[in-house]
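Down below is the structure, laid out as structure tokens.
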Amino acid sequence: MALPRLSSTPQSVAIEEINLKVTSIESYSRGSAFHPTKNSTATGFFVKKGEDTYLITNRHVVINEEKEYYPDILKITIHNSTTTLTSIRKVEIPLYNEGTQLWLEHNDNIIITEIKEKIDVVAIKITNYLQPTDVINHFTYDDFPTIGTVIALGDPCLVIGFPYYFQDETHFLPIARSGTVASTWRSFFRGKKLFLLDSILHPGTSGSPVLIPEASIRRTATSTIVGEYFPPLLIGIQSGEYPGLNLNAIWYSFLIEEIIP
């Protein structure tokens, strides 16, 4: 018997877990004014360690000394219903407490202060800003590549985020862009803890998670395993494009483990 064709009548939608692991970010400078001034938009995603939830994004989303960019609030979007995707709430995340920064960054940024280009990844603990009704998913360290994972030149990747803050404004879901690994895995491009991704990305995807999609084949340092289910791997954090090349700097995901205490 033939299956029924798609139609405009309401149907159930299978929402992939990744949709609720990623959030849009709006940065604001409140200063002494009553209404905050919007600065820019970006992407972030959630990582859980123990009982705590962290928002991961780029350092240049929370501060950029060279451009004199100093927001003091991030506003993220969180779904708050298990029955509809149209129900959300905006959550304000402060970046300072009485002048002290509330984000965590890599020790290399502090120890080697003379390096102009710092590791462009931060973690912000947001546990206290969440409510029991919030519906979010998390990455955990189990989603990171292991030492034996082999990722080759040309391997396909997904970048999940909000280019130019573009999104499904009915359901508040992110956009997936595709790309391929463009530099040798773990070779630390130009001595930095990042690799290159060949993809056409846009402002607003800063802070997006970069994933190796789910697969039935996965290579390790010693073998190729076929016929099993391998879930997606979080391999990096999108940071920005090398102008005119469609090549993007992707900081390795293991940095998150080194940032979160």
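Any read-out appearing in this document is the output of simple, stated calculations on the displayed coordinates, not a laboratory observation. Keep in mind it's a predicted model, so treat the numbers as computed, not measured. No Cβ is skipped: glycine too gets one built from the backbone with ideal geometry, and neighbour counts run over all protein chains shown.
In a solvent-free Debye calculation with one equal scatterer on each Cα, what is log10 I(q)/I(0) for the stretch 142-254 at q = 0.16 Å⁻¹, listed in the order of the q values? The Debye formula, applied to the Cα set alone, gives -0.73.
Size of the dipole of the chain about the Cα centre, Lys and Arg at +1 and Asp and Glu at -1 on the beta carbon, nothing else charged, in debye to 20? Don't skip to the end; give the middle numbers.
Numbers: 21 positive and 28 negative charges, 63 e Å.
Result for the chain is approximately 300 debye, rounded to the nearest 20.
Connecting C-alpha atoms closer than 10 Å in a GNM of the chain, tell me which of T180, T83, T23 has the biggest fluctuation. Among T180, T83, T23, the largest mean-square fluctuation in the Gaussian network model of the chain belongs to T83.
Per-residue ellipticity at 222 nm from helix content only, as computed over the chain with -39500 (n - 2.57) for each DSSP H run of at least four residues, stands at -1000 deg cm²/dmol. Within the chain, the longest run free of exposed loop sites, counting trypsin sites (Lys or Arg not before Pro) that sit outside DSSP helix and strand states (H, G, I, E, B) and have at most 10 other Cβ atoms within 10 Å, spans 117-261.
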